[in-house]
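Undergrad: Sharing a structure, written as structure tokens. Questions coming.
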Amino acid sequence: MKNKIAALAGIATMALLAVACDKSAEDAADAAFASRYKALPGTKTLITGATVLTGAGERLEDADLLIDDGRIVEVGTDLNADGADVVDAAGKWVTPGIIDVHSHLGVYPSPGTESHSDGNEATAPVTAEVWAEHSVWPQDPGFVTALAGGVTSMQILPGSANLIGGRGVTLKNVPGRNVMDMKFPGAPHSLKMACGENPKRVYGGRGQAPGTRMGNVAGYRAAWIEAADYRDKLAAAENGEGEAPTRDLRLETLAGVLDGEILVHNHCYRADEMSVMLDIAREFGYKVSAFHHAVEAYKIPDLLAEADTCAAMWADWWGFKMEAYDGIRENVAIVDQADACAIIHSDSGLGIQVLNQETAKVMGAAAKARGEVARHR
Amino acid sequence: MNRLVTALLLIVLPVVAAAQTTAIVGGKVHTVGPQGTLDNATIIIVNGRIHAVGTGLGIPDGAETIDAAGKLVTPGLFSPIGRLGLVEVGLSAGPVDSEQRGERFTAGFAVADAYNPRSTLIAVNRIEGVTRAAIVPSPGFPDDSGSMGHVLSGLAAVVNLGDEDVVDRPAAAMVVTLGEGGSHFADGTRAGAWLTLRNALDEARDYGNHKEDFERGMRRDYVHSVADLEALQKVFSGTTPLLVNINRASDIEALTRLITEYRIAAIIVGGAEAWMLADEIAAANISVILSPAYNLPGNFDSINARRGAAGILIDAGVRVALADSQSQTHNARNITQSAGNAVRDGLAWDAALRAITLAPAEIFGMGTYAGSIEVGKAADIVIWPADPLELTSFPDQVLINGVSIPMVSRQTLLRDRYMQSQSELPPAYRD
């Protein structure tokens, strides 16, 4: 049975690859893998008397919240709603569902057996053609425990073995029989890139490029040169100049980044390497949406602010490898203080359950270093 | 960078505590001992030991006084598992001194001699309240030459995170890895891991009972070296329990049978399914070191991992120490978060504090010497601005053996350089 499916998939892939690259083929792919998430029919619900942190920087006391048909209808005081279920939230806190921008749930599910290891296509340093969603196992129990920890959406990324590891996907951790049932409607794809030790260790260890940080950079640049060429040929063909190139899944993803449709999420620890990655982004005209882990972001908050690039960080992980050795508790606070975009992420099936706790640690460290930090910040 | 290193070297120079008297005055003291919790109490420390604890105590002449009014005072935290001082950076950065490899020394492999009190990890963790730690060998995965670890990876030590006389117990436990983890070091078989342990115990017992015959060459050859067999004598003499890395309930049942058969003591580390056998574990007098937030079925040995396990075991009478689920070494300091999560899942606050102070001290044979604020014990004391199990609470001051440690680490120096430097120079030039 398994073999039959694999064979069918193989045929389908070959068929896709044989199609010359035109927009209609890409559109077909978009349609095939579109979100099938649908909100369950909701009951009209009024949450009353809560302290509401809106997530947009506001803290509302004794506030009411009206929900209908899966949407927030109104946030205010003394709201009335006929026929609504009322939840008395006096003395409670209400927040938006927590979003984890860095998770491998589903692609590295529990139990973590070898046969479940689907997060790193570590067979070549650039595998922009793979999509994390095609590895996601919806039955990963981690989706449920994350929900119990208040998480309602998450970005599932390929691992960091590769320079360019493939597309990430944003999911709602709702029950689904396949990943499309969980896919966040309208969320853009991301591209996972990785700096530093991981790619050079994985490939250098095999006597293959990249084996150094300079090898890493050569690898990214070579990929972007190919992608730019592919994009230019495609654009020319649309203007009736020359043949369209044969459709290439790898270059299609990279061209999507150059066109601004796919967002770059770049695993990168050291300040100097993040800085180099921003230089490469400038060279090829793409934007880095976020550096992930960014353990040394506190050394370059001004550069991050200038590039409008977020840093997605742990509260306190440090020292497990050289590029994480300079981690400090105030990393998030310093990035935030510089008005750069600071995000707290988990990268862990356990950490994702306690992102509120990780945030509290960050607040505590910030308060100790520079005075009280408002909760709604 | 050089300046940073120099600063660090200055900081870790030993502070001499000769004939020193210190009084910590006015705090709310959680003794974790028979005196319970005392409001507005005074702790008198003489020569590194707790001399008196109570309310309304007079302060001896010449005592250094630490004002703890409005503060909470607890015993120092005890990290029950990890490799503090045995690793700086674990991956691709030189040897990791906790890792045992090869057949030459297994049970006899002792990490105490490799402990580095000047490791940057020590200051990072002690300024957040960790004053003592069990440092534990583990079986190494194959290195470049193919040399790999053993089911018996040797002797765990207990150290204090002060600057002098740092090794408290060089042979605090004998580390054994069984279950799925152990099978990696027994040709891929779970039963083989058990047999490896049994064979070692059998040889050690035979050696111990016939040492003179052995010296005269009148015993059969042993697989293990004399150093290993000598180390195992400590297990039989009762000073050194087995510290067993194990998760699956069936392995725990096998462990209770084994320790009954050999009349030895054991501590379980991991214990994802221990809660299923709480009464049996209590009856076998086995202690458990677990990560209370670990609730995912990471492999088939921990399918029944759950929250609330610590409370179930403690209610059944099992002595439990709490570890951090994410990082046991670099972030040994996060055992307060583990304890807080155990409280979230139903454990009483006092029991949670005990599980990161006195309980681990008792588990490693240090219960009469450390772990609580009691007269005669080592003065490991933490002064907190607020509830230590709250994540926004970091210590104001930490004392180890009565010495106030500098509240500085490589991390606080980095923070000050990048966050608070008043220098006008470009960032890379700042102090």
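Undergrad: I need the full set of residues from the range B:418-429 which are at the interface with another protein chain (Cβ under 9 Å from one of its Cβ atoms) and open to solvent by less than 40 Å² (accessible area, probe 1.4 Å), in order please.
TA: Within the range B:418-429, B:Met419 is the sole residue that qualifies.
Undergrad: Moving on. For B:Ser145, which of the numbered conditions (1) open to solvent by less than 10 Å² (accessible area, probe 1.4 Å); (2) over 19 Å from B:Leu243 (Cα atoms); (3) hydroxyl-bearing (Ser, Thr, Tyr) fails to hold?
TA: Evaluating B:Ser145 over (1) open to solvent by less than 10 Å² (accessible area, probe 1.4 Å); (2) over 19 Å from B:Leu243 (Cα atoms); (3) hydroxyl-bearing (Ser, Thr, Tyr) leaves (1) as the failure.
Undergrad: Any idea which residue in the range A:90-123 is farthest from the other protein chains (Cβ to nearest Cβ), counting only those that are open to solvent by 30 Å² or more (accessible area, probe 1.4 Å) and small (Gly, Ala, Ser)? I'd like the intermediate steps shown before the answer.
TA: Looking only at the range A:90-123, we keep the residues that are open to solvent by 30 Å² or more (accessible area, probe 1.4 Å), and these are A:90-93, A:95-99, A:104, A:108, A:112-118, A:120-121, A:123.
Still in the list and also small (Gly, Ala, Ser): A:90-91, A:97, A:112, A:115, A:117.
Numbers: A:Ala90: 21, A:Gly91: 17, A:Gly97: 20, A:Gly112: 5, A:Ser115: 12, A:Ser117: 12 Å.
So, considering only residues that are open to solvent by 30 Å² or more (accessible area, probe 1.4 Å) and small (Gly, Ala, Ser), the one farthest from the other protein chains (Cβ to nearest Cβ) is A:Ala90.
Undergrad: Which condition from (1) open to solvent by 40 Å² or more (accessible area, probe 1.4 Å); (2) more than 16 Å from B:Arg104 (Cα to Cα) is the one that B:Gly181 breaks?
TA: Here B:Gly181 meets the rest and fails (1).
Undergrad: What about A:Val288, is it more than 14 Å from chain B (Cβ to nearest Cβ), open to solvent by 20 Å² or more (accessible area, probe 1.4 Å) and within 17 Å of A:Pro199 (Cβ to Cβ)?
TA: Numbers: more than 14 Å from chain B (Cβ to nearest Cβ): yes; open to solvent by 20 Å² or more (accessible area, probe 1.4 Å): no; within 17 Å of A:Pro199 (Cβ to Cβ): yes.
Considered against the rule, which asks whether it is more than 14 Å from chain B (Cβ to nearest Cβ), open to solvent by 20 Å² or more (accessible area, probe 1.4 Å) and within 17 Å of A:Pro199 (Cβ to Cβ), A:Val288 comes out as no.
Undergrad: Okay, next question. Just checking, does the range B:212-229 include any residue being in a helix (DSSP H, G or I), crowded, with 24+ Cβ neighbours inside 10 Å and at pLDDT 95 or above? First the steps, then the outcome.
TA: Filtering the range B:212-229 for residues in a helix (DSSP H, G or I) gives B:212-215, B:226-229.
Narrowing the set further to residues that are crowded, with 24+ Cβ neighbours inside 10 Å leaves B:228.
Still in the list and also at pLDDT 95 or above: B:228.
Yes, the range B:212-229 has at least one match.
Undergrad: Would you mind stating whether A:Ser153 is over 27 Å from A:Tyr203 (Cα atoms), more than 10 Å from chain B (Cβ to nearest Cβ), buried (at least 17 other Cβ atoms within 10 Å of the Cβ) and within 18 Å of the chain's Cα centre (by Cα)?
TA: Numbers: over 27 Å from A:Tyr203 (Cα atoms): yes; more than 10 Å from chain B (Cβ to nearest Cβ): yes; buried (at least 17 other Cβ atoms within 10 Å of the Cβ): yes; within 18 Å of the chain's Cα centre (by Cα): yes.
Here the answer is yes, as A:Ser153 does meet what is asked.
Undergrad: Follow-up. Taking the conditions exactly as written (within 14 Å of chain A (Cβ to nearest Cβ) and either in contact (Cβ under 8 Å) with a residue 12 or more places away in the chain or of a type outside the set (A, V, I, L, M, F, W, C) (or both)), does B:Asn285 satisfy them or not?
TA: no
Undergrad: Next question, about the same structure. Inspect all residues belonging to the range A:338-358 and state whether any of them is at pLDDT below 95 and of a type in the set (S, T, N, Q).
TA: Scanning the range A:338-358 turns up no residue that is at pLDDT below 95 and of a type in the set (S, T, N, Q).
Undergrad: Here's a follow-up. Under 7 Å by Cβ, and 6 or more places apart or on different chains, what pairs join a residue from the range B:180-208 that is free of Cβ contacts under 8 Å to residues at least 40 places away in the same chain with one that is of a type outside the set (S, T, N, Q) and crowded, with 21+ Cβ neighbours inside 10 Å?
TA: Pairs found: B:Ser183/B:Ala193; B:Ala186/B:Val151; B:Ala186/B:Ala193; B:Glu203/B:His224; B:Glu203/B:Leu229; B:Tyr207/B:Leu229.
Undergrad: Let me spell it out: the conditions are (1) closer than 23 Å to A:Ser110 by Cα; (2) open to solvent by 30 Å² or more (accessible area, probe 1.4 Å); (3) more than 7 Å from chain B (Cβ to nearest Cβ), and A:Ala338 meets all of them except one. Which number is the exception?
TA: Of the numbered conditions (1) closer than 23 Å to A:Ser110 by Cα; (2) open to solvent by 30 Å² or more (accessible area, probe 1.4 Å); (3) more than 7 Å from chain B (Cβ to nearest Cβ), the odd one out for A:Ala338 is (1).
Undergrad: Kindly provide the set of residues from the range A:231-253 that are out of contact with any strand residue (DSSP E or B) (no Cβ under 9 Å at 6 or more places or on another chain), farther than 20 Å from A:Arg167 by Cβ and of a type in the set (Asp, Glu), ordered by number.
TA: Hits for the range A:231-253 are A:Asp232, A:Glu238, A:Glu241.
Undergrad: Also, quick follow-up: Exactly one of these conditions fails for B:Ala69: (1) open to solvent by less than 10 Å² (accessible area, probe 1.4 Å); (2) aliphatic (A, V, I, L, M); (3) in a loop (DSSP other than H, G, I, E, B). Give me its number.
TA: Just one mismatch for B:Ala69, condition (1).
Undergrad: Within the bounds of the range A:353-374, is there any residue that is in a loop (DSSP other than H, G, I, E, B), surrounded by 18 or more Cβ atoms within 10 Å (Cβ to Cβ) and more than 7 Å from chain B (Cβ to nearest Cβ)?
TA: Keep residues of the range A:353-374 that are in a loop (DSSP other than H, G, I, E, B), which gives A:371-374.
Subsequent filtering for residues that are surrounded by 18 or more Cβ atoms within 10 Å (Cβ to Cβ) retains A:373.
From what's left, more than 7 Å from chain B (Cβ to nearest Cβ): A:373.
Within the range A:353-374 (the criterion being in a loop (DSSP other than H, G, I, E, B), surrounded by 18 or more Cβ atoms within 10 Å (Cβ to Cβ) and more than 7 Å from chain B (Cβ to nearest Cβ)), the answer is yes, since at least one residue qualifies.
Undergrad: All but one of (1) open to solvent by 10 Å² or more (accessible area, probe 1.4 Å); (2) farther than 29 Å from B:Ala359 by Cβ hold for B:Asp168; state the number of the condition that does not hold.
TA: (2)
Undergrad: I'm told A:Val144 meets every condition in (1) crowded, with 19+ Cβ neighbours inside 10 Å; (2) within 18 Å of B:Asn295 (Cβ to Cβ) except one. Can you identify the failing condition by its number?
TA: Unmet condition: (1).
Undergrad: Moving to a separate point now. Could you please find all residues in the range A:318-335 being more than 7 Å from chain B (Cβ to nearest Cβ) and of a type outside the set (Val, Ile, Thr)?
TA: Just the residues of the range A:318-335 that are more than 7 Å from chain B (Cβ to nearest Cβ), to begin with: A:323-324, A:327, A:331-333, A:335.
Answer for the range A:318-335, where residues must be more than 7 Å from chain B (Cβ to nearest Cβ) and of a type outside the set (Val, Ile, Thr): A:Glu323, A:Ala324, A:Gly327, A:Asn331, A:Ala333.
Undergrad: Please list, ordered by residue number, the helices (runs of 4 or more DSSP H) wholly in the range B:302-399 having 2 or more residues that are within 14 Å of another protein chain (Cβ to nearest Cβ) and either open to solvent by less than 40 Å² (accessible area, probe 1.4 Å) or out of contact with any Cys (no Cβ under 9 Å at 6 or more places or on another chain) (or both).
TA: Numbers: elements: B:309-315, B:335-344, B:349-354, B:358-363.
The helices (runs of 4 or more DSSP H) meeting that bar are B:335-344.
Undergrad: Can I ask one more? Output the residues belonging to the range A:41-71 that are open to solvent by 60 Å² or more (accessible area, probe 1.4 Å), touching a Leu at 6+ places or on another chain (Cβ under 9 Å) and closer than 16 Å to A:Trp93 by Cβ. Spell out how you get there, then give the answer.
TA: Restricting attention to the range A:41-71, the residues satisfying the condition of being open to solvent by 60 Å² or more (accessible area, probe 1.4 Å) are A:41, A:43-44, A:55-56, A:58-59, A:61-62, A:69, A:71.
In the following step, the residues that additionally are touching a Leu at 6+ places or on another chain (Cβ under 9 Å) were identified as A:44, A:59.
Across the range A:41-71, the qualifying residue is only A:Arg59.
Undergrad: Being surrounded by fewer than 18 Cβ atoms within 10 Å (Cβ to Cβ), of a type outside the set (Ser, Thr, Tyr), assigned to a helix (DSSP H, G or I) and under 24 Å from the mean Cα position of the chain (by Cα) is the filter here, so list the residues in the range B:231-258 that pass it.
TA: Across the range B:231-258, the qualifying residues are B:Gln233, B:Phe236.
Undergrad: Just checking, does the range A:301-310 include any residue being within 9 Å of chain B (Cβ to nearest Cβ) and either out of contact with any Cys (no Cβ under 6 Å at 6 or more places or on another chain) or buried (at least 24 other Cβ atoms within 10 Å of the Cβ) (or both)? Outline the logic, then answer.
TA: Pass one, the range A:301-310, residues within 9 Å of chain B (Cβ to nearest Cβ): A:301-302.
From what is left, the residues that are either out of contact with any Cys (no Cβ under 6 Å at 6 or more places or on another chain) or buried (at least 24 other Cβ atoms within 10 Å of the Cβ) (or both) are A:301-302.
Scanning the range A:301-310 turns up at least one residue that is within 9 Å of chain B (Cβ to nearest Cβ) and either out of contact with any Cys (no Cβ under 6 Å at 6 or more places or on another chain) or buried (at least 24 other Cβ atoms within 10 Å of the Cβ) (or both).
Undergrad: With the structure loaded, tell me whether A:Gly165 is assigned to a strand (DSSP E or B) and either open to solvent by less than 30 Å² (accessible area, probe 1.4 Å) or closer than 21 Å to A:Asp118 by Cβ (or both) or whether it fails that test.
TA: Values: assigned to a strand (DSSP E or B): yes; either open to solvent by less than 30 Å² (accessible area, probe 1.4 Å) or closer than 21 Å to A:Asp118 by Cβ (or both): yes.
Yes, satisfied.
Undergrad: Collect the residues in the range B:128-142 that are open to solvent by 10 Å² or more (accessible area, probe 1.4 Å) and not in a loop (DSSP other than H, G, I, E, B), keeping them in residue-number order.
TA: B:Ser138, B:Pro139
Undergrad: Within the range B:259-287, restricting attention to residues that are of a type in the set (A, V, I, L, M) and assigned to a helix (DSSP H, G or I), which residue is surrounded by the fewest Cβ atoms within 10 Å (Cβ to Cβ)?
TA: Just the residues of the range B:259-287 that are of a type in the set (A, V, I, L, M), to begin with: B:259, B:264-269, B:272, B:274, B:276-278, B:281-284, B:286.
Imposing the further condition that a residue be assigned to a helix (DSSP H, G or I) reduces the set to B:259, B:274, B:276-278, B:281-283.
Details: B:Ile259: 19, B:Ala274: 29, B:Met276: 17, B:Leu277: 23, B:Ala278: 20, B:Ile281: 27, B:Ala282: 18, B:Ala283: 13.
Filtering first and then ranking leaves B:Ala283.
Undergrad: For the range B:284-310, name all the residues that are touching a helix residue (DSSP H, G or I) at 6+ places or on another chain (Cβ under 8 Å) and aliphatic (A, V, I, L, M). Before the answer, list the steps.
TA: Start the filter on the range B:284-310 by keeping residues that are touching a helix residue (DSSP H, G or I) at 6+ places or on another chain (Cβ under 8 Å), which leaves B:284, B:286-293, B:295-297, B:299-301, B:304, B:306-310.
Correct list: B:Ala284, B:Ile286, B:Val288, B:Ile289, B:Leu290, B:Ala293, B:Leu296, B:Ala309, B:Ala310.
Undergrad: Considering only residues that are in contact with a Leu (Cβ under 8 Å, 6 or more places away or on another chain) and in a loop (DSSP other than H, G, I, E, B), look in the range A:208-247 and name the one that is nearest to A:Arg282 (Cα to Cα). Give the derivation first.
TA: Initial filter on the range A:208-247 (in contact with a Leu (Cβ under 8 Å, 6 or more places away or on another chain)): A:210, A:216, A:219-220, A:223-224, A:226-228, A:230-231, A:244-247.
After this cut, where a residue has to be in a loop (DSSP other than H, G, I, E, B) as well, the list is A:210, A:244-245, A:247.
Details: A:Pro210: 22, A:Ala244: 27, A:Pro245: 26, A:Arg247: 26 Å.
The qualifying residue nearest to A:Arg282 (Cα to Cα) is A:Pro210.
Undergrad: Just to be sure I understand, how many residues within the range A:311-322 are closer than 16 Å to A:His102 by Cβ and surrounded by 24 or more Cβ atoms within 10 Å (Cβ to Cβ)?
TA: Summing the residues that are closer than 16 Å to A:His102 by Cβ and surrounded by 24 or more Cβ atoms within 10 Å (Cβ to Cβ) in the range A:311-322 gives 6.
The values are calculated or read from the model by the stated rules, or taken from the named source; none is laboratory data. Remember, it's a predicted structure, so these values are computed and weren't measured experimentally. Heads up, the Cβs are rebuilt from the backbone with ideal geometry, glycines too, and the neighbour counts pull from every protein chain shown. Note: accessible area is taken over every heavy atom of the protein model, side chains too, but ligands, DNA and RNA are not part of it. Shrake-Rupley method; radii C 1.70, N 1.55, O 1.52, S 1.80 Å.
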